[in-house]
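Working notes for the structure below.
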Amino acid sequence: MQIEKTPLKDCFIIKPQVFRDNRGIFLESYHKKKFNRLTGLDTEFVQDNQSVSSYGVLRGMHFQKGEFAQSKLVRVIHGKVLDVVIDLRPDSPTFKKHFKVVLDDENLQQLYVPKGFAHGFLTLSETSVFAYKCDQYYYPGSEQGIIYNDPELNIDWDFPEDKLILSEKDRVQPGFKELFE
């Protein structure tokens, strides 16, 4: 396992060691002791989630607030996504900045998303199977979101907006200013 810093404080790309041969591949997708040692974090994941999406589905930008804020370790089991995170921690030097990375079943990279970040992804393949570990249980009363196309954040999804497939909830999320100013 290798850890690569991103431009956002406390957000990491995790590169597993992948063993390939004529039978296929094998990788260790998570090892708590290695993860904690290499990141300097002490994260205890308590819930695993998985979603299946078709081409053009955008899920995000989601987060949980307060005592139910979640750190996540996300990865793509099948397909390809553009994964985007936004630092929403007012005291962070990277507050209001975003980072995006392509995660797929070829590069097998993972992204560690710390508490205080919004997270979302766009499926770029015919389908995607997206998995994520959370260090806090889902709590509906703590759920929050930011509109994916907020002009204040200026996220370039590099995808035709009229081709995006969104849930009604994601279509009407509040803007950054409504939540933080």
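What follows draws every value from the coordinates through simple rules; no lab data is involved. Values in this document were obtained by computation on a predicted structure and should not be read as measured data. In this analysis, Cβ positions are derived from the backbone assuming ideal geometry, glycine residues included, and neighbour counts consider all displayed protein chains.
Please name whichever of Leu124, Val74, Thr39 sits farthest to the positive end of the charge dipole of the chain, dipole taken about the Cα centre and charges placed at Cβ: Lys and Arg +1, Asp and Glu -1. Highest projection toward the positive end goes to Thr39.
The longest part of the chain holding none of the exposed loop chymotrypsin sites (Phe, Trp or Tyr not before Pro), meaning those outside H, G, I, E and B in DSSP with at most 14 other Cβ atoms within 10 Å, is 1-136. Placing +1 on the Cβ of every Lys and Arg and -1 on the Cβ of every Asp and Glu, with nothing else charged, gives the chain a dipole about its Cα centre of roughly 600 debye. Among the listed pairs Lys80/Lys177; Lys65/Lys177; Lys9/Lys33; Lys32/Lys115; Lys5/Lys163; Lys5/Lys133, those with a Cα-Cα distance over 28 Å are Lys80/Lys177; Lys5/Lys163. Dimensions of the chain from C-alpha coordinates, computed as largest minus smallest value along each principal axis and given longest first, are 51, 36, 29 Å. Do any GluC sites (Glu not before Pro) in region 1-70 lie in a loop, going by DSSP, with at most 16 other beta-carbon atoms within 10 Å of their beta carbon, and if so which? Hits after loop and neighbour filter: Glu28, Glu44.
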